[in-house]
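Here the structure comes first, spelled out in structure tokens, and everything after it is commentary.
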């Protein structure tokens, strides 16, 4: 039970770190512009629009916050895409036009459906490779732990393969990728 709790907290911390890394690529100009957009919508709904009917105040509050949040979120999404396309070696000008000009956020949906995987470099030969591969296609350098029997990816903390049940301690994995054992 303690091992399961430790694994669950480790998994939660890993996913939280990944989320923080994804959110950290949103540029500062996008955050500032989103705040300005939200405040501008609040100004529109609470100052510019006539408010002689006080019974409509709850509706104005609801609509102001809803539209303000939607506009701020869209601006943050544009900022995220502007940085993410460069990280994935895609055409930034083309994707920014698609995301901004396609109505209703359809461009952002298309971007997330068609974006390329994040590329990393092989530690051995510096070849650019997708981060999902386990072996470098140029030099066969092992980048991630895999099962010696079925060659599927495993966690570095696994003792047995989750796919075929193979004892990972029997594999001749590099020392930097060996599974921990009790």
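The values are calculated or read from the model by the stated rules, or taken from the named source; none is laboratory data. Given the structure is predicted, the values throughout are model-derived calculations rather than measurements. In this analysis, Cβ positions are derived from the backbone assuming ideal geometry, glycine residues included, and neighbour counts consider all displayed protein chains.
Scan the stretch 57-66 and give yes if some residue there is at pLDDT 90 or above and loosely packed, with under 13 Cβ neighbours inside 10 Å, otherwise no. Let's see the steps before the verdict.
At the first step, the residues of the stretch 57-66 found to be at pLDDT 90 or above are 62-66.
In the following step, the residues that additionally are loosely packed, with under 13 Cβ neighbours inside 10 Å were identified as 62, 66.
Yes, that holds for at least one residue.
Please find, among 154, 99, 133, the residue that is without any contact (Cβ under 8 Å) to a residue 24 or more places away in the chain and surrounded by 17 or more Cβ atoms within 10 Å (Cβ to Cβ).
The unique qualifying residue is 99.
Against the condition assigned by TED's automatic domain parsing to the domain that holds residue 102, under 25 Å from residue 116 (Cβ atoms), at pLDDT 90 or above and part of a helix (DSSP H, G or I), how does residue 76 come out, does it pass?
The answer is yes for residue 76.
Quick one: would you say residue 94 is farther than 30 Å from residue 155 by Cβ and either at pLDDT 90 or above or not in a helix (DSSP H, G or I) (or both)?
yes
The rows are residues; the columns are (1) farther than 30 Å from residue 72 by Cα; (2) touching a strand residue (DSSP E or B) at 6+ places or on another chain (Cβ under 9 Å).
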{"position": "108", "(1), (2)": "no, no"}
{"position": "126", "(1), (2)": "yes, no"}
{"position": "131", "(1), (2)": "yes, yes"}
{"position": "137", "(1), (2)": "yes, yes"}
{"position": "142", "(1), (2)": "yes, yes"}
{"position": "162", "(1), (2)": "yes, no"}
{"position": "166", "(1), (2)": "yes, yes"}
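Looking only at the stretch 135-162, how many residues end up being at pLDDT 75 or above, under 26 Å from the mean Cα position of the chain (by Cα) and not in a strand (DSSP E or B)?
The qualifying residues number 9.
Yes or no: residue 87 under 30 Å from residue 143 (Cα atoms) and modelled with pLDDT under 90?
Details: under 30 Å from residue 143 (Cα atoms): yes; modelled with pLDDT under 90: yes.
Yes.
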